[in-house]
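> Here it is, the structure, as structure tokens.
The values are calculated or read from the model by the stated rules, or taken from the named source; none is laboratory data. Quick caveat, the model's predicted, so the values are computed rather than measured. In this analysis, Cβ positions are derived from the backbone assuming ideal geometry, glycine residues included, and neighbour counts consider all displayed protein chains.
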There are 2 protein chains.
Amino acid sequence: MITVALAKGALLKDSVARFASAGLDFSQVLDPSNRHLMVPSKCRRARALLVRNGDVPVYVAYGQAQLGVVGFDVLKEHQMPVASLVDLGFGNCHMAVAVKATSGYKNATDLPPHSRVASKFTNCAREFFDELDLPVELVHLTGSVELGPLTGVAEAIVDLVATGRTLKDNGLVSIDEIFHSTARLIGNPLSLRLDSGEIQQIIDEIRNQTDLHRTIK
Amino acid sequence: MITVALAKGALLKDSVARFASAGLDFSQVLDPSNRHLMVPSKCRRARALLVRNGDVPVYVAYGQAQLGVVGFDVLKEHQMPVASLVDLGFGNCHMAVAVKATSGYKNATDLPPHSRVASKFTNCAREFFDELDLPVELVHLTGSVELGPLTGVAEAIVDLVATGRTLKDNGLVSIDEIFHSTARLIGNPLSLRLDSGEIQQIIDEIRNQTDLHRTIK
């Protein structure tokens, strides 16, 4: 049986739609009353694991799920041994450096050396500032990173920005874009190698559907 | 102005009650319609920062909050330089090793060497298994750790257990208790040293109130 790891939250609805186009109906996970974390597809050929964003690559890397859908941001932050198969095109957002609108900083390079930078994505942030050759002190937070500059725990933050609303509501502005992120279909490398065609067929159908979406746009 | 970092979630109600007994009324944070993460006390002498569990010691360690309330489990996992001031007695739970009820394992030492153990608390888990001298492979998950044994990603989990309901619902049993956890009042060491008496007064009142609760019980 094929197991698919799906991230709870913003990517879920589109993920379910993409698998539906490949013949796997996981719409039960969208039912607000659903409390199960393991949900069979209607055809019973497959099941979905409903897990947190950061756990999708873990289940795929360990082979407990052969396929998964997760944001590029998570893949880049956690660097697990999974195959990135299809850029699904939804879940658009970018990883940004943001500061207080009143700070006067226009670019990340304006930040004074040894500034404190708060982030949930400290690996991404470290890589970015290392490339700039700008030494910063990273403060790992697990939520509400926008509080960093407001409380003074950090001069800047590195965080995912979709609409920009959270930044604006908190008096912050984005001064640098680190990378653009979209949802990705990922696979377990060994499962793909041993696949007798069943997994590849799902991947192909999702890829075709994704190309179609792109053409319509 | 005194800033207090409070953890969202299970500890919040009791935390607010304890500060109320010290004259700081943060009850606004309990209003379901409240969306602010920084909330002044009614007397305006202090403010509360509403953050995630794991971020409480960060704000306190960096001195953006002089005081905070957080579970002992978080303190043990993250090892930040904060002063642990009062065992508040609420938020009782324990860090447990759990396995499938059908596994037959009765103690952590029954686990085969190199078993996989899933946890959000990988530092606590590593310390425990190191002391047992039992080599295990730790799998870091960020949520729904009980899925670990069900999907086969891990033979055992290390997780917080309060009522035991989640374990039972998922066919798991606790086979070892690593430590007991309760909520703690923590402080920023430098703020405590520089305090002119205002912070100490709050600590003393919370300590007295906590002793009173203990006596009544």
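> Residues B:Val161, B:Val145, B:Val153: which one is aliphatic (A, V, I, L, M), within 14 Å of chain A (Cβ to nearest Cβ) and under 21 Å from the mean Cα position of the chain (by Cα)?
B:Val145
> Test each condition in (1) under 30 Å from A:Gln66 (Cα atoms); (2) surrounded by fewer than 21 Cβ atoms within 10 Å (Cβ to Cβ); (3) among the charged types (D, E, K, R) for B:Asp159 and report the one that comes out false.
Only one criterion is unmet by B:Asp159, namely (2).
> Still on this structure, please answer the following. Could you look through the range B:164-183, keep only residues that are of a type in the set (Val, Ile, Thr) and either within 19 Å of A:Leu37 (Cα to Cα) or over 16 Å from the mean Cα position of the chain (by Cα) (or both), and pick out the one that is nearest to the other protein chains (Cβ to nearest Cβ)? Before you say what the answer is, go through the steps one by one.
As a first pass, look at the range B:164-183 and keep what is of a type in the set (Val, Ile, Thr): B:166, B:173, B:175, B:178, B:182.
The next check asks that each one be either within 19 Å of A:Leu37 (Cα to Cα) or over 16 Å from the mean Cα position of the chain (by Cα) (or both); those that pass are B:166, B:173, B:175.
Details: B:Thr166: 11, B:Val173: 19, B:Ile175: 22 Å.
This residue is B:Thr166.
> Within 14 Å of chain A (Cβ to nearest Cβ), surrounded by fewer than 21 Cβ atoms within 10 Å (Cβ to Cβ) and either more than 21 Å from B:Leu75 (Cβ to Cβ) or out of contact with any Cys (no Cβ under 9 Å at 6 or more places or on another chain) (or both): is that true of B:Leu138 in this structure? Lay out the reasoning, then the answer.
Working: within 14 Å of chain A (Cβ to nearest Cβ): yes; surrounded by fewer than 21 Cβ atoms within 10 Å (Cβ to Cβ): yes; either more than 21 Å from B:Leu75 (Cβ to Cβ) or out of contact with any Cys (no Cβ under 9 Å at 6 or more places or on another chain) (or both): yes.
Yes, satisfied.
> Mind listing whichever residues of the range B:1-34 are within 14 Å of another protein chain (Cβ to nearest Cβ) and exposed (fewer than 14 other Cβ atoms within 10 Å of the Cβ)?
Across the range B:1-34, the qualifying residues are B:Met1, B:Gly9, B:Asn34.
> Also: Which one of B:Ile206, B:Ile199, B:Ile157, B:Ile186 is of a type outside the set (Phe, Trp, Tyr) and within 28 Å of A:Arg35 (Cβ to Cβ)?
Result: B:Ile157 is the single residue among B:Ile206, B:Ile199, B:Ile157, B:Ile186 that is of a type outside the set (Phe, Trp, Tyr) and within 28 Å of A:Arg35 (Cβ to Cβ).
> Yes or no: A:Leu37 at the interface with chain B (Cβ under 9 Å from one of its Cβ atoms) and within 24 Å of A:Gln201 (Cα to Cα)?
In short, no.
> For the range B:110-135, how many residues are touching a helix residue (DSSP H, G or I) at 6+ places or on another chain (Cβ under 9 Å), away from chain A (no Cβ under 14 Å) and among the charged types (D, E, K, R)?
Going through the range B:110-135 one residue at a time, the tally reaches 2.
> Does any residue of the range B:178-201 turn out to be within 30 Å of B:His114 (Cα to Cα) and free of Cβ contacts under 8 Å to residues at least 40 places away in the same chain?
The answer is no, given that none of the residues of the range B:178-201 is within 30 Å of B:His114 (Cα to Cα) and free of Cβ contacts under 8 Å to residues at least 40 places away in the same chain.
> Okay, moving on. For the range A:23-51, how many residues are at positive phi and either outside the structural domain of A:Ile199 (by TED's automatic domain parsing) or not basic (Lys, Arg) (or both)?
Within the range A:23-51, residues that are at positive phi and either outside the structural domain of A:Ile199 (by TED's automatic domain parsing) or not basic (Lys, Arg) (or both) number 1.
> Every residue in the range A:162-206 that is surrounded by 18 or more Cβ atoms within 10 Å (Cβ to Cβ) and closer than 14 Å to A:Val86 by Cα, please.
A:Ser181, A:Ala183, A:Arg184, A:Leu185, A:Ile186, A:Gly187, A:Asn188, A:Ile199, A:Ile202, A:Ile203, A:Ile206, listed by residue number.
> A further question on this structure: Residues that are surrounded by fewer than 17 Cβ atoms within 10 Å (Cβ to Cβ) and within 19 Å of the chain's Cα centre (by Cα): does the range B:101-124 have at least one?
Within the range B:101-124 (the criterion being surrounded by fewer than 17 Cβ atoms within 10 Å (Cβ to Cβ) and within 19 Å of the chain's Cα centre (by Cα)), the answer is yes, since at least one residue qualifies.
> Now for a different question. Of B:Lys76, B:Lys106, which residue is over 24 Å from B:Thr182 (Cβ atoms), of a type outside the set (A, V, I, L, M) and in contact (Cβ under 8 Å) with a residue 40 or more places away in the chain?
Every option except B:Lys106 fails the conditions.
> Also: Among the residues of the range B:40-61, what is the count of those that are in contact with a Lys or Arg (Cβ under 8 Å, 6 or more places away or on another chain) and within 9 Å of chain A (Cβ to nearest Cβ)?
4
> Among the helices (runs of 4 or more DSSP H) lying completely within the range B:1-108, list those that include at least 3 residues that are under 28 Å from B:Thr215 (Cα atoms).
Because the criterion is at least 3 residues that are under 28 Å from B:Thr215 (Cα atoms), the helices (runs of 4 or more DSSP H) in the range B:1-108 that meet it are B:12-21, B:72-78.
> In addition: Within the group A:Thr109, A:Thr102, A:Thr166, A:Thr151, which residue is under 23 Å from A:Gly54 (Cβ atoms) and not assigned by TED's automatic domain parsing to the domain that holds A:Ala61? Quick ask: steps written out before the conclusion?
Numbers: A:Thr109 fails: under 23 Å from A:Gly54 (Cβ atoms); A:Thr102 fails: under 23 Å from A:Gly54 (Cβ atoms); A:Thr151 fails: under 23 Å from A:Gly54 (Cβ atoms).
Result: A:Thr166 is the single residue among A:Thr109, A:Thr102, A:Thr166, A:Thr151 that is under 23 Å from A:Gly54 (Cβ atoms) and not assigned by TED's automatic domain parsing to the domain that holds A:Ala61.
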